[in-house]
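**Student:** First, the structure itself, so that you have it in front of you.
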Amino acid sequence: MTRSITVLGAGVLGLWQALTLARAGHRVRLLESSVEPFAAAASLYGGVMLAPEREAETAPAMLRELGLEGVALWRALYPQLRCNGSLVVASPRDQGELERFAQRTQGHGLLRADELAEREPDLAGRFNGALFFADEAHMSAPDALQFLLDEARRAGAEIVFGVGAGADTNGDNAADVVIDCRGMAARDHLPDLRGVRGERVLIRSTDITLSRPVQFLHPRIPLYVVPWGAGLYMIGATVIESEEPGAMSVRSALELLGGAYAVHPAFAEAEIVAFGAGVRPAFPDNVPRAIVRDGGRRIFVNGAYRHGFLLGPVLARTVADYLADGRTGALLRV
């Protein structure tokens, strides 16, 4: 049955909902309160690494299988997805951290120092070895969000920027279903939602070339170096239990930049392109979900935490299946 659907919020969750539902034949209107695309989206501050195996170190077990589904859906959709796997390294004095990480995760192989140098020549001599997660992928957040926006329009969704949540969702012209993907802005309806602050630095270097994400283990702050192409690297990311939306702190900047230098001293000469911080919504268990209210007339898709890009396509398919025939899934609450 074709429905009239209004999606609220044009972050990664809202864009996946709009695209999937428009492709399913529904009449979709996506409303975003910011005037410029992604101006208020926490999604913009993602790495983005599709890393279900590495995330399994701390995430609930169910998210590994769902994350593998998410990777497959991205592979089928996004031609610019970089499927080079990912690396986890540690300094010689922190080899215990690498061993513990290996014990808590699956889907990896152990590389000797010479094998690491074959895959990433610029890391030759830097580490004693690495864990290699061959099936993981990564992408640039701005490019991926723009792609989703363009594909949603191509699928027939109407996209409206600079319009608040009250537009076209009440009264005689109300949609059959409202799918609320507004993140922290929806907390009035989802009181157990909390904010988790994430920070990142973008740098540009012509002195080092990496072809895949590198996770650098450290007892205090794990660090990610994610190549976005054209010499641009995302350095992140802190996970701070805070809803403060302000600029990055000096401490975080020093830790992230110092960590990048520890991965390779060439980063000391890199150009700093941007500092950034965003507040990600999370439920108490850090598991994103779709919550059905008002007999199915309103569905909240929220709580992305660190898993918005990974599980966005899974949540979109979950909602599409529910609207099609009432099917429920691990991420849906009725």
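**Student:** Excluding ligands, DNA and RNA, what is the solvent-accessible area per residue of the chain at a probe of 1.4 Å, expressed in Å²? The partial results should precede the final answer.
**Tutor:** Values: 14130 Å² over 334 residues.
Per residue, the chain has an accessible area of 42 Å².
**Student:** Between Asp325 and Ile221, what length in nm is gained on full extension when 0.36 nm per residue of separation is reduced by their alpha carbon distance?
**Tutor:** Stretched out fully, the Asp325 to Ile221 stretch lengthens by 33.0 nm.
**Student:** Calculate how large, on average over all directions, the projected area of the Cα convex hull of the chain is; give the answer in nm² to one decimal.
**Tutor:** Across all orientations, the chain yields a mean hull projection of 16.2 nm².
**Student:** Considering the zone a paramagnetic label at Thr206 would reach in this model (a point 7 Å from Cα along the Cα-to-Cβ line), which residues of segment 258-274 have amide N under 14 Å from it?
**Tutor:** Backbone N within reach: 269-271.
**Student:** Residue by residue through segment 177-188, what is 3J(HN,Hα) from phi via Karplus (6.51 cos²θ - 1.76 cosθ + 1.60, θ = phi - 60°)? Round to whole Hz and write x for glycine and proline.
**Tutor:** 9, 10, 10, 9, 10, 8, x, 4, 5, 9, 5, 4
**Student:** Checking the a/c ratio against 1.5 first, then a/b against b/c, what shape does the Cα gyration tensor give for segment 1-72?
**Tutor:** It is oblate, given that a/c is not under 1.5 and a/b is not larger than b/c.
**Student:** Step through the residues of segment 262-268 one at a time and calculate ³J(HN,Hα) from phi using the Karplus curve (6.51 cos²θ - 1.76 cosθ + 1.60, θ = phi - 60°), rounding each to whole Hz and writing x for Gly and Pro.
**Tutor:** So the J values, rounded to whole Hz, are 5, 5, 7, x, 4, 5, 5.
**Student:** Then there's this: Once the dipole of segment 19-174 is set up with Lys and Arg at +1 and Asp and Glu at -1 on Cβ about the Cα centre, which of Ala90, Gly156, Phe38 lies farthest towards its positive end?
**Tutor:** Farthest along the dipole direction, towards plus: Gly156.
**Student:** Using the crude model of +1 on Lys and Arg Cβ and -1 on Asp and Glu Cβ, and no other charge, please compute the dipole size for segment 1-150 relative to its Cα centre, in debye to 20.
**Tutor:** 560
**Student:** Same structure, new question: Starting from the Cα gyration tensor of segment 247-294, take the square roots of the eigenvalues, sort them a ≥ b ≥ c, and report rounded, prolate or oblate (rounded when a/c is under 1.5, otherwise prolate if a/b is larger than b/c, else oblate).
**Tutor:** Working: a/c = 3.46, a/b = 2.90, b/c = 1.19.
Since a/c reaches 1.5 and a/b is larger than b/c, the shape of segment 247-294 is classed as prolate.
**Student:** Quick query: amide H of Val28 versus all other amide H atoms, modeled in the peptide plane; which residues come in under 5 Å with a sequence gap of 5 or more or a different chain?
**Tutor:** Amide H neighbours of Val28, under 5 Å, 5+ apart: Ile5, Glu158.
**Student:** Of the listed peptides 23-31, 7-15, 241-249, what is their order by residue-averaged count of other C-beta atoms within 10 Å, with the highest listed first?
**Tutor:** Top of the packing list down: 7-15, 23-31, 241-249.
**Student:** At what distance in angstrom do the alpha carbon centres of segment 230-249 and segment 292-334 lie from each other?
**Tutor:** Measuring centre to centre over Cα atoms gives 27 Å.
**Student:** To continue, here is another question. Quick one: Karplus J couplings for segment 219-225, per residue in order, coefficients 6.51, -1.76, 1.60, θ = phi - 60°, nearest Hz, x for Gly and Pro?
**Tutor:** These are the phi-based 3J(HN,Hα) values: x, 9, 9, x, 10, 10, 10 Hz.
**Student:** So if I take the centroid of the Cα atoms in segment 1-55 and the same for segment 207-225, what is the distance between those two points in Å?
**Tutor:** Each part reduced to its Cα centre gives a spacing of 28 Å.
**Student:** Under a point-charge model restricted to the Cβ atoms of Lys and Arg (+1) and Asp and Glu (-1), what is the dipole moment magnitude of the chain relative to its Cα centre, in debye to the nearest 20?
**Tutor:** So the dipole magnitude of the chain works out to roughly 540 debye.
**Student:** Quick check on the chain: helices-only [θ] at 222 nm, where DSSP H runs of length 4 and up contribute -39,500 (n - 2.57) each and the sum goes over total residues. Nearest 500, please.
**Tutor:** -9000 deg cm²/dmol
**Student:** Within 10 Å, count the other beta carbons around each residue, average over each peptide in 194-200, 304-310, 213-219, and list them highest first.
**Tutor:** Numbers: 194-200: 22.0, 304-310: 25.4, 213-219: 20.0.
Per-residue Cβ counts within 10 Å, averaged per peptide and sorted highest first, yield 304-310, 194-200, 213-219.
The values are calculated or read from the model by the stated rules, or taken from the named source; none is laboratory data. In this text the structure is predicted, and so the values were computed from the model without any measurement. In this analysis, Cβ positions are derived from the backbone assuming ideal geometry, glycine residues included, and neighbour counts consider all displayed protein chains. Protein only, heavy atoms only, side chains kept; ligands, DNA and RNA dropped before computing areas. Shrake-Rupley method; radii C 1.70, N 1.55, O 1.52, S 1.80 Å.
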